[in-house]
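Shown next, in structure tokens, is the structure this report addresses.
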Amino acid sequence: MKVYFIGAGPGDPELITVKGRRILGEADIIIYAGSLVNPEVLQGHKPDAVIYNSASMHLQEVLDVMINGVKEGRTVARVHTGDPSIYGAVREQMDALAQNGITYEVIPGVSSFVAAAAVLNMEYTLPGVSQTVILTRHEGRTPVPPGQELAALAGHRASLAIFLSAAMIEEVIEELIPAYGEETPAAVVQKATWPEQKVIRGTLKDIAHKVKEEGIDKTALILVGNFLGSEYELSRLYDKEFSHGYRSASS
């Protein structure tokens, strides 16, 4: 028996992976991040599965449930929103399990930054626009390491996906404008793929005002960059004049 860390996806219960869904259906114990994970994701669990909402639990309580569960011969599913590897606070749990001789496995999920692009029908890596995506957050109660401040990252003018920062959007925009300029497209997607999702589009000049008007201050992703615009180069992948290992250039 072991612990499975499962990425539940961004909200839509159909966006959990097939493997994640199967493990949830087999688990004896389920611990899910109730403040973020859509409860509908848990549908199909065993009738006698014991379910914990970790929103009201501290780290040691979560670890105790996992460790004791495995030692009792039970399969434990630890369910995180999106993908566990992005702002999932999962490393500290895995290290603690390893220290206690508990086997674990990570099942990846669909992150909200990917879901937000899907909602917007956008591509982060447009030729001639951006070939780099930066996932980051604004400094709040959790500091960022030196050199990873938004103002420093903005100098790359890459496609930006900013997590956990909607409540501080005015400060976010203030740090980005010197590098990106006021007319750079921006969008905010709240609760991507949930029935109640909200999508706000604008530029760095007006996006903060629009977001404040909608009362959005949490569970939202801030996207910034010219990938949100309409100008880009066509990909060489499908260019008839461009050859690669599977296709010769047209004569």
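Below is a table of values for the structure above.
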read-out: Extension gain (nm, one decimal) between LYS198 and ALA151, 0.36 nm per residue minus Cα-Cα; value: 14.2 nm
read-out: Shape call, segment 112-228: gyration tensor on alpha carbons, a/c limit 1.5; value: rounded
read-out: Under the Karplus curve 6.51 cos²θ - 1.76 cosθ + 1.60, θ = phi - 60°, whole-Hz ³J(HN,Hα) for segment 83-95, x wherever Gly or Pro sits; value: 10, x, 6, 10, 6, x, 6, 8, 4, 5, 6, 5, 5
read-out: Lysine pairs meeting the criterion (Cα under 26 Å, 8 or more apart or interchain), as found in the chain; value: 16
read-out: Mean Cα-pair separation over length for segment 3-107, i.e. relative contact order, pairs under 8 Å, 6 or more apart, %; value: 43 percent
read-out: Three-way shape label, the chain, alpha-carbon gyration tensor, a/c 1.5; value: prolate
read-out: Dipole magnitude (debye, nearest 20) for segment 3-107, charges at Cβ of Lys, Arg, Asp, Glu; value: 160 debye
read-out: Whole-number percent relative contact order across the chain, with pairs defined as alpha carbons under 8 Å at least 6 apart; value: 19 percent
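Every number in this text was worked out from the coordinates using simple rules, so none of it is lab data. Just so you know, these numbers come straight off a predicted model, no measurement behind them. Glycine also receives a Cβ, built like all others from the backbone with ideal geometry; neighbour counts cover every protein chain displayed.
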